[in-house]
Amino acid sequence: MAAVSEVALVHYHEVSLKGKNRARFEQILLSRVQEALFGLGLKVSRLPGRIVVRGMGATQRAEVRERLSKVFGIANFAFALETPPDLETLARLASDRIPEGTQSFRVSAKRGNKRLPFTSVEAERRVGAAIVAATGLSVNLKHPELTVFLEFALDRAWLYTDRDRHPGPGGLPVGASGRVVALLSGGIDSPVAAWRIMKRGAKAVFVHFHSYPHTDFASAVKAKREAEVLAAWQGGARLHLVPLAGVQAEIFAKSPEKYRTLLYRRFMLRIAERIAEREGAGALVTGDALGQVASQTLENLHAVSKAVASLVLRPLVGMDKTEVIAEAKRIGTYAISVLPQQDCCSFLEPRRPATRSTPEELAAAEDDLAVDALVEEALAKAQLVKIPSPYRAPAPPDPEPPKEA
Ligand code: ATP
Ligand code: MG
């Protein structure tokens, strides 16, 4: 280690981490940070309570910042000077770290190791006095314009200010909570639902159902672009494109009109459940929000879920549309979601959809359908799009509609 060098210092929330869980979390976060910084030639190491990224050139900061801001599990990260844990060195370097035009400051020190030969308060006083002597700034402990942070481990220290510190997305690193299959419709809600579960540490495998050739293929292309945006948050993604036209034609011909939309949903879950088994995923995720449309009443959500044994997670269930839209904009999927598409389910939509169905009613409405055969047939015709991490390789071309349909 050079005596003094610029690093990125990555912090995570430790409150909810205990015992064995914590070591596992740190190991997964370390590999997520390594993956996110792939190709930049940086060295990523795990130290007690933090991760340090070394070898960064000044021109790489913006790129590192952009990439770390998409690693779940990071509470915040700071661009910091790494130095020996020695107050003379820190006192000498601190004033250079203060941006032009600052009026007042304070120093806040944190010792990770109690065996250091000085207390936190001594460190704050010593470095604060050096800054005052070098710059003439005033100290303001209650409402400083700038805070200078010192962190100490036994063999090194870090120096940065709040201007050098950036928020991470929080949550848990992807991989900490296993895998899920997320149903992506091409609309606004489902990518946000997937993102929320990814944020809690689950890697999402995506499934989209299209009605080609009854509709165009635009929804599948949109789902692929949404999956690309989401892939940056989890190091790549797999997207299964499943034709639903065959299932829909059967439902149209053989089931009561008012249940159509709900029966489409039941088939979507069944097919997604089969994909989850193959992908080793423990749950299905949808973008339903309570009461948003007729198919999303409590009764209908329940009756649809009963088509499968799987856990169906609906992370947006208590959100307003305005909240979902704001989040979609932050994530970067909104602009894709509002592009035109022919929805697979507005096609052949019932005039008066059932708003309170029961699982028994829906099962009866499927009496004349060869459920298993329809599921198999759709699975057999599915396409798989593999999207690499954007830091490793460019995205594949947009998918083409299936040839024989
Ligand atoms: P979204 O904005 O995600 O389309 P929505 O509010 O329009 O949601 P619906 O169209 O009723 O609601 O769909 C509810 C959920 O069912 C979606 O969020 C999605 O998870 C799943 N879903 C619906 N259509 C499809 C589809 N064609 N492919 C994959 N999943 C779908
Ligand atoms: Mg929709």
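What the table shows:
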| item | result |
| --- | --- |
| Members of the stretch 42-54 found to be farther than 26 Å from GLY19 by Cα and surrounded by 16 or more Cβ atoms within 10 Å (Cβ to Cβ), listed by number | LEU42 |
| Single unsatisfied condition, ILE325 versus (1) within 12 Å of ligand 1 (Cβ to nearest atom); (2) within 21 Å of LEU362 (Cα to Cα); (3) in contact (Cβ under 8 Å) with a residue 24 or more places away in the chain; (4) not acidic (Asp, Glu) | (2) |
| Test: residue in the stretch 231-239 that is at pLDDT 95 or above and within 16 Å of ligand 2 (Cβ to nearest atom) | no |
| Qualifying residue in the stretch 180-187 (condition: at pLDDT 95 or above, more than 11 Å from ligand 1 (Cβ to nearest atom) and over 19 Å from ALA36 (Cβ atoms)) | yes |
| Any pair with Cβ under 8 angstrom, 6 or more apart, that starts in the stretch 237-255 at a residue that is open to solvent by 50 Å² or more (accessible area, probe 1.4 Å) and ends at one that is β-branched (Val, Ile, Thr) | ARG238/VAL205; ARG238/VAL385; ARG238/ILE387 |
| Within the stretch 209-267, tally of residues that are away from ligand 1 (no atom under 15 Å from the Cβ), of a type in the set (Gly, Ala, Ser) and under 16 Å from TYR334 (Cα atoms) | 2 |
| Residues within the stretch 304-314 that are in a loop (DSSP other than H, G, I, E, B) and within 11 Å of ligand 1 (Cβ to nearest atom), tallied | 1 |
| Options VAL312, VAL371, VAL304, VAL375; residue that is touching a Leu at 6+ places or on another chain (Cβ under 6 Å) and more than 16 Å from ligand 2 (Cβ to nearest atom) | VAL312 |
| Filter result for the condition that a residue is over 30 Å from the mean Cα position of the chain (by Cα), loosely packed, with under 13 Cβ neighbours inside 10 Å and at pLDDT 95 or above, over GLU360, GLU366, GLU404, GLU376 | GLU360 |
| Residues satisfying the stated conditions in the stretch 147-203, i.e. assigned to a loop (DSSP other than H, G, I, E, B) and either within 16 Å of ligand 2 (Cβ to nearest atom) or under 30 Å from ALA123 (Cα atoms) (or both) | ALA153, LEU154, ASP155, ARG156, GLY168, GLY170, LEU184, SER185, GLY186, GLY187, ILE188 |
| Odd one out for THR297 among (1) within 13 Å of ligand 1 (Cβ to nearest atom); (2) modelled with pLDDT of 95 or more; (3) not basic (Lys, Arg) | (2) |
| Count of residues meeting criterion [more than 22 Å from VAL293 (Cβ to Cβ), of a type in the set (A, V, I, L, M, F, W, C) and open to solvent by 30 Å² or more (accessible area, probe 1.4 Å)] in the stretch 165-220 | 1 |
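This table checks each residue for (1) in a helix (DSSP H, G or I); (2) closer than 23 Å to ALA232 by Cα; (3) at pLDDT below 95; (4) not acidic (Asp, Glu).
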{"position": "ILE251", "(1), (2), (3), (4)": "yes, no, no, yes"}
{"position": "ARG265", "(1), (2), (3), (4)": "yes, no, no, yes"}
{"position": "LEU269", "(1), (2), (3), (4)": "yes, no, no, yes"}
{"position": "ASP288", "(1), (2), (3), (4)": "no, no, no, no"}
{"position": "HIS302", "(1), (2), (3), (4)": "yes, no, no, yes"}
{"position": "LEU316", "(1), (2), (3), (4)": "no, yes, no, yes"}
{"position": "GLU327", "(1), (2), (3), (4)": "yes, yes, no, no"}
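The values are calculated or read from the model by the stated rules, or taken from the named source; none is laboratory data. Since we're looking at a predicted model, the values are computed, not measured. Neighbour counts are summed over all protein chains in view; Cβ atoms, including those assigned to glycine, are modelled from backbone coordinates with ideal geometry. Only protein heavy atoms, including side chains, enter the accessible area calculation; ligands, DNA and RNA are left aside. Shrake-Rupley method; radii C 1.70, N 1.55, O 1.52, S 1.80 Å.
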